[in-house]
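See structure below.
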Ligand SMILES: NC(=O)C1=CN([C@@H]2O[C@H](COP(=O)(O)OP(=O)(O)OC[C@H]3O[C@@H](n4cnc5c(N)ncnc54)[C@H](O)[C@@H]3O)[C@@H](O)[C@H]2O)C=CC1
Ligand SMILES: CC(=O)C(C)=O
């Protein structure tokens with residue numbers, strides 16, 4: 001029987017929402033976790049909860065839009081936790097940006113975090129995997145909004161389509177190094193980001209919050225909003241050994257958002 005080896009994962013945007021659920025789930029799966037977030041307070045709170053529950057976690061402050069900051073976060077993870085096997089490039093921004101009102105600043109900010117953060121996370125992880133002398137798993141956050149156009153989300157959706165393309169390309173580039181690269185595409189998940197998008201949509205139409213959420217939730221096949229833990233369960237599969245022969249894929253969570 002194969003010996004269970006303790007593995008190490010870094011999760012960006014781990015301080016709240018989907019990233020927090022991923023940190024907690026991968027800890028339950030036996031990973032040591034670096035909870036990496038722009039917000040050190042929330043990262044520390046998530047790491048403390050994991051440690052209080054018998055896991056091993058450290059908080060790491062990172063700005064994923066800043067290449068040096070991402071490399072430093074990955075280096076700190078390896079120094080503190082002894083290894084690195086998985087990076088989850090989860091941090092993202094999702095503002096509503098009606099097409100005629102997109103500004104240069106909005107476009108730059110969202111692309112720097114969502115797309116830049118994915119490039120830098122991939123590069124920093126590859127450097128660490130090479131130095132450690134083994135392969136690894138890179139997991140990127142796309143979205144159902146990276147499969148189909150969503151109203152008012154031209155900037156965000158553009159980044160999430162880009163992340164699918166980067167995932168496919170990196171999978172081919174990195175396969176010779178024993179590194180797999182996959183993405184997860186959540187539907188509509190109960191997190192602060194999604195609440196913000198629904199509120200902004202409602203405000204722009206002069207309608208209540210529930211109407212704003214319904215614009216995104218009406219096509220969900222399973223007829224309920226996704227919990228962050230639903231997404232974390234899929235990421236658990238991508239981070240674990242059962243997905244070893246899978247690369248370049250974008251795992252769609254609630255296909256109904258896409259196939260309706
Ligand atoms: N909530 C949803 O319905 C969906 C979310 N997603 C994706 O899942 C990922 C997580 O989303 P949520 O948990 O909903 O978001 P959220 O807004 O609730 O949490 C995002 C986390 O990322 C951190 N963050 C933001 N900018 C950062 C930066 N520059 N450097 C480091 N950390 C930064 C924030 O501090 C926060 O803790 C995002 O990539 C998002 O695009 C995809 C599909 C649906
Ligand atoms: C936030 C998001 O990814 C949506 C609406 O698909």
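The values are calculated or read from the model by the stated rules, or taken from the named source; none is laboratory data. Treat the numbers as computed from the prediction; the structure is a model and nothing was measured. Cβ placement follows ideal geometry from the backbone for every residue including glycine, while neighbour counts extend to all protein chains displayed.
Just to verify a result, which residue in segment 7-35, among those that are in contact with a helix residue (DSSP H, G or I) (Cβ under 9 Å, 6 or more places away or on another chain), away from ligand 1 (no atom under 15 Å from the Cβ) and outside any helix (DSSP H, G or I), is farthest from residue 58 (Cα to Cα)? Of everything passing the filter in segment 7-35, 29 is farthest from residue 58 (Cα to Cα).
This table checks each residue for (1) away from ligand 1 (no atom under 15 Å from the Cβ); (2) closer than 21 Å to residue 212 by Cα; (3) touching a helix residue (DSSP H, G or I) at 6+ places or on another chain (Cβ under 7 Å); (4) at pLDDT below 95.
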| residue | (1), (2), (3), (4) |
| --- | --- |
| 113 | no, no, no, no |
| 118 | no, no, yes, no |
| 139 | no, no, yes, no |
| 167 | no, no, no, no |
| 191 | no, yes, yes, no |
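With respect to (1) at pLDDT below 95; (2) part of a helix (DSSP H, G or I), the lone exception for residue 223 is condition (2). Could you please let me know if residue 229 is more than 10 Å from ligand 1 (Cβ to nearest atom), closer than 17 Å to residue 95 by Cβ and either outside any loop (DSSP other than H, G, I, E, B) or touching a helix residue (DSSP H, G or I) at 6+ places or on another chain (Cβ under 7 Å) (or both)? For residue 229, the condition - more than 10 Å from ligand 1 (Cβ to nearest atom), closer than 17 Å to residue 95 by Cβ and either outside any loop (DSSP other than H, G, I, E, B) or touching a helix residue (DSSP H, G or I) at 6+ places or on another chain (Cβ under 7 Å) (or both) - is not met. Exactly one residue out of 25, 67 is closer than 26 Å to residue 195 by Cα, surrounded by fewer than 24 Cβ atoms within 10 Å (Cβ to Cβ) and modelled with pLDDT of 95 or more, and it is 25. Residue 213 falls short of the stated requirement of being under 13 Å from residue 95 (Cα atoms) and in contact (Cβ under 8 Å) with a residue 12 or more places away in the chain.
Under the condition of being within 14 Å of ligand 2 (Cβ to nearest atom) and either surrounded by fewer than 18 Cβ atoms within 10 Å (Cβ to Cβ) or under 19 Å from residue 168 (Cα atoms) (or both), the residues counted in segment 201-214 number 1.
The single condition among (1) part of a helix (DSSP H, G or I); (2) more than 14 Å from ligand 1 (Cβ to nearest atom); (3) closer than 21 Å to residue 100 by Cβ; (4) modelled with pLDDT of 95 or more that residue 204 does not meet is (4).
For segment 232-248, the set of residues classified as part of a loop (DSSP other than H, G, I, E, B) and crowded, with 19+ Cβ neighbours inside 10 Å consists of 247 only.
Considering every residue within segment 23-31, establish whether at least one is under 19 Å from the mean Cα position of the chain (by Cα) and over 20 Å from residue 229 (Cβ atoms). So far as segment 23-31 goes, no, none of its residues is under 19 Å from the mean Cα position of the chain (by Cα) and over 20 Å from residue 229 (Cβ atoms).
Note on segment 176-206: residues that are closer than 17 Å to residue 13 by Cα and touching a strand residue (DSSP E or B) at 6+ places or on another chain (Cβ under 8 Å) total 6.
Can you tell me which residue in segment 135-190 is nearest to residue 19 (Cα to Cα), limited to those that are in a loop (DSSP other than H, G, I, E, B) and more than 13 Å from ligand 2 (Cβ to nearest atom)? So, considering only residues that are in a loop (DSSP other than H, G, I, E, B) and more than 13 Å from ligand 2 (Cβ to nearest atom), the one nearest to residue 19 (Cα to Cα) is 135.
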